Amino acid sequence: MPVGPGRAASPLPLLLPFGDEDVPEFPLNAAKVQPQPLRPETLQRDRLLDWLTAKINRRFVLVIAEAGYGKTTLLADFSRRTRRRMLWYRIDPDERNWISFMHYLVAAGQEVEPTFGRSTRSLLGELSATGGPSRDSIVATFIRELGLFAEGGAALVLDDYHLVDDVEDIRTVMRELVSRAPERVTFVIASRRQPALPLARARSQGEVAELRTDDLRFDLDETDRLFRETYGRPLERDVVADLNRRTEGWAASLQLVEAAIRERTPSQIRAFVGSLSGASEDLYDYLAEEVIGDLDEEMQSFLMRISILQEVDRELATAVTDLPPDRVAELLSSAERLGLLGRRGAFSKHSRLFHPLVRSFLESRLARTVNADGLTAIHLAAALGGSRGWMHAGYHYARAGALEVLGASVARALPEILAGGQLELGAKYLSLAGLPWTEPICDVLKSRLDLRDGHIETAKHLAEAAADALGDEAGELPGYALSNLAHIYFSIGEFEAAHRVAGELAATDPGTRLRLIAEGIQSVIELSMTGDLLLIRDRLTRLASELEQTGSEHYLGVTLINLAEVHRALGDAPATLALAERAILALEYTGSRAELGTALVQRGWALATACRWDEANASLDEAVSVAPDGVRAEVLADASEILMWLGELEQGVAWLDSAVRARRVSWDVDDMICVSRALQRIREGDPLGATRLISGVSSDRPHRQSAFLARTHLVMALATHLSGDALAAE
């Protein structure tokens, strides 16, 4: 379908003859009752056309999206393909009265059947300034004539319905139409917002089908086809992916991008897409005209000021606009009805998001409107307003240049940073604020980052130094320093030390969250040797439930991984899959790639056990690709073991060889590699070689994997059985 932001130019108004010389003619624009002409560069969007074909017999088909998502073009393309009789009325903003509305409905029918609506047209012709037929009688007559017209089924397309949805007379007409029109009539309504129609009963009966903004977005394949097949400008796959991500499949912006890159070289196109924003000249002009051009001054000012917010809600919008809360609520509702704030944010069900290009456009417009001091004041108001936490405040303090306040706010937020796993962002803000890296809180953050990068000794030293320095502090900081130290010890394979520090932490009465984390660390260490799987499963389940209530996404994700590992040891693939996927959701929010890789391995095992091979391989591939250097060997070793058990020898050996070459942070990863190598020997028909390898695995020291000792015994039993050794049963 064409993706142009504007419509084809409408022809000059025409006088459409109705056939009866005694009836005055009403001036009509013929283009408004015809589907929009399709441009030569129309992309056939089969998934949406097929959806419309399947849903066109419903009572209502709603196509709801902001400007420029191709609503009109999609319906025009469908109209020329379907066998169903289609009445088309594209509404303009100057037709905000019921008389004009009814004239165009009649004209829409006459485009399909010239004799349609004669009685209705005659009644409309009798209207005058002093009287004439009532509105109700005219609507009733139209409904009767529509019934005759639609005996074989028909669809009435009302395009840009949002332009008249607030007109009470037209609302009344539409309520009559939708409640009394023949069952064979489908109302297809294209609008920028949900129409104010009585749809509750129809929804309950399954008679409402909806396409929303997310459905209308161009997906990756459609964006690729658009530039390759329609525009004749094929783009490299990664450029297509970047373009799709930046535009979020917004059709209007895709066409503007095509116009902007026509004379550019591939390298210039890559650079242009990489810097694409709403402040780009072509996009800026379109957005200025189409998105806010018709809005009043108050709404334009309001939108520009709230555009600095990463997510918009009533509390923050009040803080940055200095308007009364009730007025802010009204303006937010209007912005949402206009389709400018349509997507739910991640912070709460009440927060909303701009499209990224709309937001960058509004921010650019704001910067042109207020001076630097004014912009700083707005960001400071945003930082101080609301209750979003350290990330929200830090973003706005940084944008305002209030670096001293930024450093202090991030330093106070150490518990939240560790609990949420936003280590890189915390370190970035502290560095930006100029806080000396010798501060103990910086040592905590830097120890985690060094661990991630494989700098073992530095990470350990910093974690120990921070725990010592913060030991006598008041509040939560000492507990978090000990928790961090236990985590570092565990990650580098000093499991006895991790168990000891976790015990010290639990003994200090640090609060429920830290106590549960300490117990979790102890449980995982004990479980690798002789711990009770069912007991520790129940303990970790309680821990996960309590962490879910605290919003500690990072700690929750790690706990879910450990719980998934327990269920894996129990052979419970469905539970492992559910827990791994919950962990992935939690960790994707925090950006914790080390733990994310482990969660993806757990998911891969569960999918493979369920014989969902393609999904399993994809999950394991992703695990290997996201794992940072500090845990890469561990992830490779675990993934290779899974493949060895399944008989996928070639890929398993390749990953195992990569694990051997990768930097290993902890000694116990060598034992994991030995187990995988033993499985390789078994698959290759060398059980004696497997036995020799397994005999070198440490059997009296804890490991990071749950039930590791049991898994080792299982491989040994298999090897001795295949070699004919009588000790296999033992």
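The values are calculated or read from the model by the stated rules, or taken from the named source; none is laboratory data. Everything numeric here is computed off the predicted structure, so don't read it as measured data. Note: ideal-geometry Cβ built from the backbone for every residue, glycine included; neighbour counts use all protein chains shown. Ligands, DNA and RNA are stripped out before the accessible areas are found, and what is left, the full protein with its side chains, is counted by its heavy atoms. Shrake-Rupley method; radii C 1.70, N 1.55, O 1.52, S 1.80 Å.
Residues are listed down the side, and each one gets a yes or a no for (1) buried (at least 23 other Cβ atoms within 10 Å of the Cβ); (2) within 22 Å of L485 (Cβ to Cβ):
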residue: S409; (1), (2): no, no
residue: A433; (1), (2): no, no
residue: E439; (1), (2): no, yes
residue: V444; (1), (2): yes, yes
residue: D450; (1), (2): no, yes
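Give me the residue from segment 186-217 that is in a strand (DSSP E or B) and among the polar types (S, T, N, Q) and, out of that set, farthest from S79 (Cα to Cα). Checking each candidate, the answer is S191. Are any of the residues in segment 94-108 surrounded by fewer than 21 Cβ atoms within 10 Å (Cβ to Cβ), among the charged types (D, E, K, R) and over 18 Å from V173 (Cβ atoms)? No, there is no match, as no residue in segment 94-108 is surrounded by fewer than 21 Cβ atoms within 10 Å (Cβ to Cβ), among the charged types (D, E, K, R) and over 18 Å from V173 (Cβ atoms). Hey, could you check segment 286-308 for residues that are outside any helix (DSSP H, G or I) and of a type in the set (D, E) and say which is modelled with the highest pLDDT? Restricting to residues being outside any helix (DSSP H, G or I) and of a type in the set (D, E), the top hit is D296. The residue list S333, S253, S301 contains one member that is open to solvent by 40 Å² or more (accessible area, probe 1.4 Å) and farther than 29 Å from A398 by Cα, which is S333. Is segment 529-547 home to any residue that is in a helix (DSSP H, G or I) and under 23 Å from R412 (Cβ atoms)? Looking for residues that are in a helix (DSSP H, G or I) and under 23 Å from R412 (Cβ atoms), one finds at least one in segment 529-547, hence yes.
Is it true that some residue in segment 154-167 is more than 39 Å from the chain's Cα centre (by Cα), at pLDDT below 95 and open to solvent by 50 Å² or more (accessible area, probe 1.4 Å)? No, the conditions are met nowhere in segment 154-167. Beta carbons closer than 6 Å, at least 6 apart along the sequence or on distinct chains, pair a first residue in segment 462-489 that is over 23 Å from W667 (Cβ atoms) with a second that is outside any helix (DSSP H, G or I) and open to solvent by less than 20 Å² (accessible area, probe 1.4 Å) for L477/L470; P478/L470; A481/L470.
Residues checked against (1) in contact with a Leu (Cβ under 6 Å, 6 or more places away or on another chain); (2) open to solvent by 30 Å² or more (accessible area, probe 1.4 Å); (3) over 30 Å from L105 (Cβ atoms):
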{"residue": "V188", "(1), (2), (3)": "no, no, no"}
{"residue": "S191", "(1), (2), (3)": "no, no, no"}
{"residue": "A200", "(1), (2), (3)": "no, yes, no"}
{"residue": "L216", "(1), (2), (3)": "no, no, no"}
{"residue": "R225", "(1), (2), (3)": "no, yes, yes"}
{"residue": "E229", "(1), (2), (3)": "no, yes, yes"}
{"residue": "L235", "(1), (2), (3)": "no, no, yes"}
{"residue": "E248", "(1), (2), (3)": "no, yes, yes"}
{"residue": "R264", "(1), (2), (3)": "no, yes, yes"}
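A single entry from P415, P440 fulfils the requirement of being farther than 30 Å from E336 by Cα and more than 30 Å from the chain's Cα centre (by Cα): P440.
Given the criterion touching a residue at least 12 places away in the same chain (Cβ under 8 Å) and out of contact with any helix residue (DSSP H, G or I) (no Cβ under 8 Å at 6 or more places or on another chain), identify the matching residue among E151, E263, E258, E236. Criteria check complete, one pass: E151. Selection within segment 398-407: residues that are in contact with a Gly (Cβ under 9 Å, 6 or more places away or on another chain) and open to solvent by 10 Å² or more (accessible area, probe 1.4 Å). The member of this set that is nearest to L309 (Cα to Cα) is L403. Residues that are hydrophobic (A, V, I, L, M, F, W, C), surrounded by fewer than 24 Cβ atoms within 10 Å (Cβ to Cβ) and assigned to a helix (DSSP H, G or I) occur in segment 605-612; there is at least one.
For E297, the test of being without any contact (Cβ under 8 Å) to a residue 40 or more places away in the chain, among the charged types (D, E, K, R) and closer than 30 Å to D322 by Cβ is passed. Those helices (runs of 4 or more DSSP H) of segment 36-130 in which 1 or more residues are touching a strand residue (DSSP E or B) at 6+ places or on another chain (Cβ under 8 Å) and hydroxyl-bearing (S, T, Y) occupy 71-81, 98-112. Restricting segment 329-387 to residues that are of a type in the set (K, R) and in a helix (DSSP H, G or I) leaves a set whose member that is modelled with the lowest pLDDT is R337. In segment 270-285, of all residues being within 26 Å of the chain's Cα centre (by Cα) and assigned to a helix (DSSP H, G or I), the one that is farthest from A367 (Cα to Cα) corresponds to R270.
For first residues located in segment 126-138 and closer than 20 Å to R180 by Cα, partners that are open to solvent by 60 Å² or more (accessible area, probe 1.4 Å) and not in a strand (DSSP E or B) and lie 6+ apart or on another chain with Cβ distances below 6 Å form the pairs P133/E126. Considering segment 498-527, and only residues there that are of a type outside the set (D, E, K, R) and not in a helix (DSSP H, G or I), the residue that is farthest from the chain's Cα centre (by Cα) turns out to be T508.
Taken over segment 388-405, the criterion of being over 22 Å from S552 (Cα atoms), of a type outside the set (V, I, T) and in a helix (DSSP H, G or I) is satisfied by H396, Y397, A398, R399, A400, L403, E404. Kindly indicate whether Y429 is within 34 Å of the chain's Cα centre (by Cα) and modelled with pLDDT of 85 or more. Yes; evaluated as a whole, the condition is true for this residue. Just the residues that are outside any helix (DSSP H, G or I) and open to solvent by less than 10 Å² (accessible area, probe 1.4 Å), please, taken from segment 131-153. If the condition is that a residue be outside any helix (DSSP H, G or I) and open to solvent by less than 10 Å² (accessible area, probe 1.4 Å), then A150, G153 are the ones that fit.
Scanning segment 708-728 for residues that are over 22 Å from L527 (Cβ atoms) and modelled with pLDDT under 85 yields S723, G724, D725, A726, L727, A728. If you check G401, G420, G385, G434 for being in contact (Cβ under 8 Å) with a residue 24 or more places away in the chain, touching a helix residue (DSSP H, G or I) at 6+ places or on another chain (Cβ under 7 Å) and either under 29 Å from L587 (Cβ atoms) or among the basic types (K, R) (or both), only one passes: G420.
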